[in-house]
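Take a look at the structure below.
The values are calculated or read from the model by the stated rules, or taken from the named source; none is laboratory data. Remember, predicted model here, so these are calculated numbers, not experimental data. We place every Cβ from the backbone using ideal geometry, glycine too, and count neighbours over all the protein chains shown. The protein model used for the area step is the full one, side chains on, heavy atoms only, and it has no ligands, DNA or RNA in it. Shrake-Rupley method; radii C 1.70, N 1.55, O 1.52, S 1.80 Å.
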Amino acid sequence: MKRDHTQQSSNPAAAGKPKKWAVEEEEDHDKHLAALGYNVRLSDMADVALKLEQLEMVMGLSEEDGISHLSSNTVHYNPSDVSSWVQSMLVELNTPLQSQGIIHDPVLAIAESTSFSVAAAFTNDSEYDLRAIPGVAAFPQIDSSNPRKRFKKSDSESLLVTASSSTSSSSSSEPSRSVVLVDSAETGVRLVHSLLACADAVDNNNLNLAEALLKHIRFLVEAQAGAMRKVAGYFAQALTYRIYRFYPPKPFDYLSSYTDLLQMHFYETSPYLKFAHFTANQAILESVGSASSIHVVDFNLQQGHQWPPLIQAFALRPGGPPAFHLTGVRHTLEENSTDGLQEVGAKLAQFAEKFGMKFEFRGFFCNNLADLEPSILNLETETVAISSIFELHRLLAHSGAIEKVLTTIKELNPKIITVVEQVANHNGPSFVDRFTEALHYYSSLFDSLEGSPAGEEDVVRSEEYLGRQIYNVVACEGSDRVERHETVAQWRSRLSSSGFEMVHLGSNAFNQASTLLAALFGGGNGYRVEENNGSLTLGWHTRPLIATSAWTVAGGGESTRPS
């Protein structure tokens with residue numbers, strides 16, 4: 001791939017010079033170069049210049065790690081053959097990681113051939129299964145319909161990223177500015193291997209190797225585009241935090257109002273929270289039947305987006321709406337947070353009033369759900385429903401907290417408990433396994449955001465929202481690591497053994513969730529709703545990412561609390 005050095009000529013005579021003269025002039029330059037002993041043509045100089053830039057970058061990365069491996073067993077090429085010599089230097093400077101046995105990557109041999117293809121990249125015998133990394137994330141594809149993805153592939157599988165103003169198509173007064181990224185598909189595979197190798201070095205406390213790999217990773221990240229560049233950048237930063245034992249408070253402050261703001265952008269950008277709200281509401285609506293008084297406890301009330309659709313559904317219920325009591329729990333007590341909670345309650349009350357529904361709101365603050373006591377909630381004889389969205393996994397960071405909350409729930413004797421959690425295994429004892437699983441999981445999430453119809457700011461803030469989770473999963477340990485996601489099977493086992501029975505979400509919920517997804521995101525566009533042994537999952541292509549399940553107390557008897 002050659003860098004575009006074309007410029008507008010200000011000389012009319014030069015612009016009108018016959019093509020034959022230009023060819024003869026180029027041949028004259030080639031003869032001069034040959035006379036000076038350089039085996040290179042003028043037309044190849046742009047390619048040589050690009051390789052020299054790459055050589056400078058690679059040598060900069062290799063400077064502190066040493067390049068002594070070049071002093072032995074090295075074939076010395078004729079420097080007069082400039083292009084071949086620079087290419088040989090690039091190859092030799094890129095070999096230490098493989099020759100030292102750090103990364104076993106047979107995919108590189110395939111990538112060097114001119115017939116390299118994306119499908120071939122996955123036929124490897126590496127110790128890591130790269131097939132779980134989404135193809136679009138690891139190997140960016142062309143999408144001319146999305147203005148955020150301005151790249152295209154050349155015949156040599158390189159990426160040409162063009163940055164130009166919105167008026168560049170109508171004016172040719174200034175040439176477009178191009179940045180050439182070489183062999184992005186190969187670089188994507190090497191980036192994944194390097195991240196996994198760095199995690200392994202960190203796990204083995206080999207910090208010198210981990211630091212060297214981080215330098216290599218930063219270089220590879222810069223050569224990427226799209227979702228892979230973004231997600232790899234967050235993982236590289238998380239590894240940096242872990243290696244240098246640097247824990248800035250802000251990225252891990254999950255109880256801040258700023259985190260709530262980021263989640264609002266995530267709500268606008270993707271269908272995940274909308275799916276969570278809809279499926280949870282559907283389970284509540286079907287479970288409470290014709291009860292005249294319903295009390296819902298929201299374990300993490302933020303902006304209250306979940307409840308207007310449920311209020312409207314209750315208002316349309318045959319026989320008239322029930323009395324609706326909502327208790328919202330928040331986990332932060334910052335300046336003006338009390339006013340914010342009451343403001344959410346006031347807006348919901350106004351919405352309920354439009355439908356003639358009796359509505360009552362109460363708000364509570366607590367640092368941990370384990371601090372809640374049944375007596376504090378002061379529930380009466382209403383039919384009780386509990387909604388927990390992305391909350392229970394954080395209790396796993398504190399010994400005994402999840403058991404305490406489940407005991408409290410049983411004492412409240414709710415008619416239904418809806419639980420929405422991420423579908424991942426980020427709570428195991430092995431750091432490498434957790435890192436690998438997180439890389440797969442968040443690659444899928446970032447990949448799904450690439451085609452979002454939301455605005456640029458919503459997408460960027462959503463990526464930051466997910467990036468803060470990556471920091472927590474990778475860089476933190478002990479009670480500081482709160483993003484302890486588990487699989488559907490793990491939650492099913494925990495809740496079943498704690499005295500709860502699953503309420504299967506039926507075909508009605510599945511069909512309506514699929515219809516909602518198609519309406520909001522134009523046919524799904526890669527999103528998939530699936531049924532998993534009574535729960536519903538929403539995923540990206542073949543990877544489930546979040547799951548909704550519904551539960552009731554085993555042998556709970558009456559559906560309402562005794563007076």
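In this structure the amide hydrogen of LYS358, modeled in the peptide plane, comes within under 5 Å of the amide hydrogens of PHE324, none closer than 5 places in sequence on its chain.
Using θ = phi - 60° in the Karplus curve 6.51 cos²θ - 1.76 cosθ + 1.60, the 3J(HN,Hα) couplings for the range 193-207 round to 4, 5, 4, 5, 5, 5, 4, 5, 5, 5, 4, 8, 6, 8, 6 Hz; x is entered for Gly and Pro. Rolling a 1.4 Å probe over the protein chains gives SER549 an accessible area of about 20 Å². No solvent, one uniform scatterer per C-alpha: report log10 I(q)/I(0) for the range 188-242 via the Debye equation at q = 0.15, 0.18, 0.25, 0.26 1/Å, two decimals. For the range 188-242, the Cα-only Debye profile gives -0.34, -0.49, -0.91, -0.98.
Using the Karplus relation 6.51 cos²θ - 1.76 cosθ + 1.60 with θ = phi - 60°, the per-residue 3J(HN,Hα) values for the range 309-316 come to x, 5, 4, 5, 5, 5, 5, 8 Hz, with x marking Gly and Pro. Considering all alpha-carbon pairs of the range 318-420, what whole percent are spaced by more than 18 angstrom? Beyond 18 Å sits 56 percent of the P(r) for the range 318-420. Estimated from the Cβ-Cβ distance and a Förster radius of 25 angstrom, the FRET efficiency linking ASN368 and GLU477 is about 0.85. The overall shape of the range 406-467, judged from the alpha-carbon gyration tensor, is oblate: a/c is not under 1.5, and a/b is no greater than b/c. Dipole size of the range 432-563 about its Cα centre, with +1 on Lys/Arg Cβ and -1 on Asp/Glu Cβ: approximately 440 debye, rounded to the nearest 20. Between the beta carbons of SER493 and ASP44, assuming R0 = 60 Å, the FRET efficiency works out to 0.40 to the nearest 0.05. Put GLU343, GLU450 in order of accessible area, highest first, and with a 1.4 Å probe you get GLU343, GLU450.
In this structure, the amide hydrogen of PHE365, modeled 1.01 Å from its nitrogen in the peptide plane, lies closer than 5 angstrom to those of ARG330, counting only residues at least 5 positions away or on a different chain.
Taking all protein chains together and a 1.4 Å probe, the residues ASP458, ASP28, ASP298 rank ASP28, ASP458, ASP298 from largest to smallest accessible area. Comparing PRO544, GLY534, SER497 along the charge dipole axis of the range 438-563, the residue lying farthest to the positive side is SER497, per the Cβ-charge model. The average projected area of the range 378-425, computed from the convex hull of its Cα atoms over all directions, is 3.9 nm². Only protein heavy atoms count here; on that basis, with a 1.4 Å probe, TRP540 has an accessible area of about 30 Å². Heavy-atom accessible area, probed at 1.4 angstrom with all protein chains present, ranks PHE510, PHE359 as PHE510, PHE359, highest first. The value given for the range 426-512 is a Kirkwood hydrodynamic radius of 15.6 Å, derived from the mean inverse Cα-Cα separation. Rounded, prolate or oblate, given the Cα gyration tensor of the range 368-454, with a/c below 1.5 counting as rounded? In terms of gyration-tensor shape, oblate. If I take all pairs of Cα atoms in the range 408-563, what percentage of them are more than 22 Å from each other? Result for the distance tail: 52 percent. The base-10 log of I(q)/I(0) for the range 463-551, evaluated at q = 0.13, 0.21 Å⁻¹, reads -0.58, -1.07 [Debye formula, identical scatterers on Cα atoms, solvent excluded].
Spacing of the modelled spin labels on ARG218 and LYS31, each 7 Å from Cα toward Cβ, amounts to 4.9 nm. Surface calculation, 1.4 Å probe, protein heavy atoms: ARG461 sits at approximately 80 Å² accessible. Over the range 265-386, all Cα pairs binned in 10 Å intervals from 0 give whole-percent P(r) values of 12, 43, 37, 8, 0, listed from short to long. For the range 256-331, dividing the convex hull volume of the Cα atoms by the residue count gives 82 Å³ per residue. Computed 3J(HN,Hα) for the range 534-542, one whole-Hz value per residue from the Karplus formula 6.51 cos²θ - 1.76 cosθ + 1.60 where θ = phi - 60°, is x, 9, 10, 10, 10, x, 10, 6, 9, glycine and proline marked x.
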